[in-house]
Amino acid sequence: MEFLDLKKSWSISLKKIPPILLLAFILISILLISLPTFSSNSRPIRPVSTYSIVAFDKETGELGVAVQSHWFSVGSMVPWAESGVGAVATQSFVDPSYGALGLKLMKAGKTAEE
């Protein structure tokens, strides 16, 4: 029984392929592998947006602040609120002093522009 020498048959077949076709095959393969696969039913694996919202209801006096991000545990650092004063949402690279400072300025009667 004779065994097929895969190394020899592979090298022979590569020699028969024009280099430009081999290069095209490699480039197309890399492109297809790197493209994201989406279907009409696909959803992102994680949230694709970061946002904060601060809301005040004039009729009830209720105040709320919320944040959504792909970073874990931002809820303990971004939203700041104080009854009778207002609410602040700090974002990007969170500096906890901004929330406390924002509430302090609102308590002193400063406007958003100031």
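The values are calculated or read from the model by the stated rules, or taken from the named source; none is laboratory data. A quick note: this is a predicted structure, and the numbers were derived from the prediction, not measured. For neighbour counting, all protein chains shown are included, and Cβ atoms are generated from backbone atoms with ideal geometry for every residue, glycine included.
Residue by residue, here is whether (1) assigned to a loop (DSSP other than H, G, I, E, B); (2) charged (D, E, K, R) holds:
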residue	(1), (2)
ILE53	no, no
GLU59	yes, yes
ALA66	no, no
HIS70	yes, no
TRP80	no, no
GLN91	yes, no
GLY99	no, no
LEU105	no, no
ALA112	yes, no
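Out of the residues in region 85-114 that are of a type in the set (A, V, I, L, M, F, W, C) and closer than 18 Å to THR50 by Cβ, state the one that is surrounded by the fewest Cβ atoms within 10 Å (Cβ to Cβ). That would be PHE93.
Condition check ((1) surrounded by fewer than 10 Cβ atoms within 10 Å (Cβ to Cβ); (2) at pLDDT below 80; (3) among the polar types (S, T, N, Q)) across all residues:
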position	(1), (2), (3)
MET1	yes, yes, no
ASP5	no, yes, no
LEU21	yes, yes, no
SER34	yes, yes, yes
PRO79	no, no, no
SER83	yes, no, yes
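For PHE25, the stated conditions do not hold, so it cannot be described as in a loop (DSSP other than H, G, I, E, B), at pLDDT below 90 and either surrounded by 10 or more Cβ atoms within 10 Å (Cβ to Cβ) or not small (Gly, Ala, Ser) (or both).
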